[in-house]
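First up is the structure itself, then whatever we jot down about it.
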Amino acid sequence: MSLFQNLGDEARSTRTKNRELIEAANIAYHEAEAELYNSSHPEIFWCERSKLHAFCECYLRERTVPVTVVDIGAGTGFVASVLEEFLKENDSYIATDISPEMLEKFHARFHRASFSIKTIVAKADNIPLDNASCDMVIISSALHHFPDVDKSLHEVSRLLRPGGIFCL
């Protein structure tokens, strides 16, 4: 067995499965990181912006009906910064995050958007929205923070209308 396999086994055996501890750590980290998040994660902007923009060109540019978009793990608003070019006055953007501080930064950044914005402090696997109430759900650079990925993906499925789009 190699040294790396041993380290991997040890890391797996010591990683906590305690949901409350994982959530508390995520909240604490993102509360502390909120002020500097955008400048401390340039990889999100240079690596993901063009891909998300191309996605929007395909799915949002030529549409004729209003959309409701849910951004799970919205943070300070990277996804909204790309989508704002494509969203119109009758569209709704719902930003969810476990960190109230991140959503405060989000709201300060987008409070004058031309489309409707709502922020919700919520866990990724328990979002207080109706079944089949969203046209698009987006998770960007956040899935690795969710304590229960399967349950979070089930929540995406619950939120999407028939024919809705999930972007990960």
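So here's what we get for this one:
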| read-out | value |
| --- | --- |
| Whether the range 62-168 is rounded, prolate or oblate, judged on the alpha carbon gyration tensor where a/c under 1.5 counts as rounded | oblate |
| Straight-distance crosslink candidates among lysines, where the alpha carbon sits under 19 Å from Lys151 and sequence neighbours closer than 8 are dropped | Lys17, Lys123 |
| Set of lysines with alpha-carbon distance to Lys105 below 16 Å, sequence-local pairs under 8 removed | Lys118 |
| Carbon + sulfur, % of accessible area of the range 78-168 - ligands and nucleic acids excluded, 1.4 Å | 48 percent |
| Top positive-direction residue, dipole computed over the range 38-168 with Cβ charges, set Cys47, Ile139, Tyr59 | Tyr59 |
| Distant-in-sequence amide H partners of Cys167 (H built 1.01 Å from N, under 5 Å) | Val137, Ile138, Ile139 |
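The values are calculated or read from the model by the stated rules, or taken from the named source; none is laboratory data. Fair warning: this is a prediction, and the values are worked out from it, not measured in the lab. So basically every Cβ, Gly included, is an ideal-geometry build from the backbone, and we count neighbours across all protein chains shown. Side chains are part of the model used for accessible areas, which takes the heavy atoms of the whole protein and leaves out ligands, DNA and RNA. Shrake-Rupley method; radii C 1.70, N 1.55, O 1.52, S 1.80 Å.
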